[in-house]
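In what follows, a structure is listed as structure tokens, so that the remarks can point back to it.
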Amino acid sequence: MYLSALLIAWHLQKQYPETIVSSWLSRDPILKYSINYEGTLLPDDGIIYLIDNPELPLPTRRLSKNMVLFTGQCINLSDSCRPSYCFLPETVTLGELLSFLQKLYNHYDCWNQSLMDSRLANGSIQKLLDLTDPIIPNPMMVAGKDFSIIASKKLTYGKLKNSVLGSTESTQPIVNALKQDVYYEESFDRTGYFYYPGNQVATPKLCVNIPRAGKTVFRLMISEGDVPLDDTFGFLLEYLARMISHALSTNVVQSRDSSYKLHQIFLTLLTTPSADYVEVSRQLDASGWFSSHHYLCVLINVSILDTKNLTLRSICSYVEEIIPGSCAVEHQGNAVIFINLSLCPLDQDQIHQKLAGFIRDSLLTAGYSRSMLGHFNFYRQYVQASTALQVGTRQNPSRWIHQFNEIAMYYIYEQATRKLPAYMICHEKLLELKYEDEANHTELYQTTRCYLELHQSIARTSEALFIHRSTLLYRLDKIKHILKTDFSDPQELLYLRLSFYLIDMEERH
């Protein structure tokens with residue numbers, strides 16, 4: 001296996017700390033073997049030359065594609081500015097240096113062969129990382145752009161649900177910091193190895209993007225540790241990434257825990273209009289989600305940043321982690337969460353508090369359904385949550401969370417006026433009353449509203465309007481005459497109250 005002058009110099013300085021290296025060392029892996037230089041003409045490029053005689057004339061041409069190691073007697077260090085020169089302590093013999101280089105090359109050749117053997121045996125990506133530990137002992141992982149961890153070694157994140165970074169409270173801030181990091185987003189267009197400096201939450205890493213169909217889908221990363229995050233090990237990381245890319249092309253990457261069956265059930269409910277609810281109910285019973293339980297649905301609408309960074313799976317896993325008894329699935333680019341309130345140890349206020357902080361900090365929006373009993377309302381609850389989000393966002397775009405109960409009346413108004421405007425479906429005589437006021441500068445319309453809102457109480461209405469009882473009775477006679485009603489029919493009273501709301505909404509628009 002070919003090595004770079006930078007890597008060889010790093011190992012030499014670890015073995016012999018007094019080694020002095022030139023100011024420039026090639027990072028390209030082009031060095032294949034070593035020979036003892038005796039003053040003859042230099043042969044091909046890609047050779048390591050060993051010199052132990054200070055009297056030999058040094059090569060005059062630049063050695064950017066070679067490496068020269070001085071050992072033995074003291075050498076004049078004025079040549080340290082030349083490229084790819086190393087000056088070892090004079091106690092190091094030529095034989096000792098040759099032995100060291102041979103062992104070094106054998107070490108990397110064995111690693112290379114082990115990777116090749118693993119691929120021939122169709123070994124896993126995890127196996128490739130484990131085989132690399134003697135070469136690069138730093139923490140390492142292969143992660144998807146959606147933060148799913150395909151394989152890892154020496155991670156300090158603890159147990160991650162579904163192996164997704166961001167699925168726990170300790171790792172969610174990392175995902176939030178990364179998806180808002182412009183440099184992190186731009187780095188997906190990088191080719192070759194590159195250094196990611198990190199931010200206030202995410203640690204620095206040396207990375208290589210692994211593309212599929214010309215677009216970055218996975219990334220190999222090493223964190224700070226025994227080897228430096230610089231050009232020294234960059235070409236080795238690229239080589240490992242090519243092996244991983246081959247493994248990804250021949251293996252199906254799938255990561256789900258024991259709750260996967262629930263995910264399948266709810267995806268079927270959301271995507272199959274003709275789903276057999278009796279069979280679905282039986283499957284849910286078998287999974288411990290009984291028809292006697294109460295359920296809540298939450299629809300989380302992801303932000304543009306989440307769409308760009310493919311963090312939807314991370315969001316689903318995180319919600320399942322912080323809300324026990326929940327099942328989160330990806331549907332139409334959003335996260336749909338069904339919560340079994342009977343299994344969840346948290347009450348609805350506690351659930352709301354936990355989700356509210358996460359939704360706010362992650363720049364998301366959400367709609368909540370009502371709590372319902374049994375298995376036969378799951379899709380309707382999803383519609384409720386979706387309606388709460390859509391209508392609530394139109395009505396109050398600055399809010400993060402919208403409850404269906406808070407927008408129900410506005411939803412009724414929108415549904416009622418989809419084909420006809422409010423003035424065409426509200427109480428016709430009430431409009432006449434309104435026009436009467438406008439023409440004659442009376443207050444019959446507002447008097448009617450107040451009278452109905454105060455449950456037809458003469459005393460409370462006159463007090464609220466600051467008018468005498470007799471004045472109110474006089475107005476009510478005129479109102480009843482115009483409306484053609486005595487306010488005794490409950491259905492007509494409901495129609496009048498709804499008409500006031502419809503007219504108000506239309507005027508507000």
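Summary table below
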item: One residue from 129, 104, 98 being within 26 Å of residue 67 (Cβ to Cβ) and open to solvent by less than 70 Å² (accessible area, probe 1.4 Å); result: 104
item: Hey, residue 401 surrounded by fewer than 16 Cβ atoms within 10 Å (Cβ to Cβ) and not charged (D, E, K, R) or not; result: no
item: Boolean, residue 437 is among the acidic types (Asp, Glu) and touching a Phe, Trp or Tyr at 6+ places or on another chain (Cβ under 7 Å); result: yes
item: Among (1) outside any strand (DSSP E or B); (2) surrounded by 24 or more Cβ atoms within 10 Å (Cβ to Cβ); (3) at pLDDT 85 or above - the single one residue 299 does not satisfy; result: (1)
item: Pairs, first over 17 Å from residue 496 (Cβ atoms) in region 435-460, second loosely packed, with under 14 Cβ neighbours inside 10 Å, C-beta under 7 Å, six or more apart; result: 458/469
item: Residue in region 413-425 that is over 30 Å from residue 299 (Cβ atoms), without any contact (Cβ under 8 Å) to a residue 24 or more places away in the chain and surrounded by 13 or more Cβ atoms within 10 Å (Cβ to Cβ) present; result: no
item: Close pairs from region 347-370: first under 17 Å from residue 325 (Cα atoms) and open to solvent by 20 Å² or more (accessible area, probe 1.4 Å), partner among the β-branched types (Val, Ile, Thr) and assigned to a helix (DSSP H, G or I), Cβ under 7 Å, at least 6 apart; result: 354/322
item: Verdict on residue 391 being of a type in the set (Val, Ile, Thr) and under 18 Å from residue 269 (Cα atoms); result: no
item: Strands (runs of 3 or more DSSP E) contained entirely in region 134-253, each with at least 3 residues that are of a type outside the set (Ser, Thr, Tyr) and more than 18 Å from the chain's Cα centre (by Cα); result: 205-212
item: Members of region 222-236 found to be closer than 21 Å to residue 156 by Cβ and surrounded by fewer than 21 Cβ atoms within 10 Å (Cβ to Cβ), listed by number; result: 223, 224, 225, 226, 227, 228
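The values are calculated or read from the model by the stated rules, or taken from the named source; none is laboratory data. Worth saying up front: this structure is predicted, and the values here are computed from it rather than measured. With ideal geometry, Cβ positions are generated from the backbone for all residues, glycine too; neighbour counts draw on all protein chains shown. Each accessible area value is taken on the protein alone, full model and side chains, heavy atoms only, with ligands, DNA and RNA left out. Shrake-Rupley method; radii C 1.70, N 1.55, O 1.52, S 1.80 Å.
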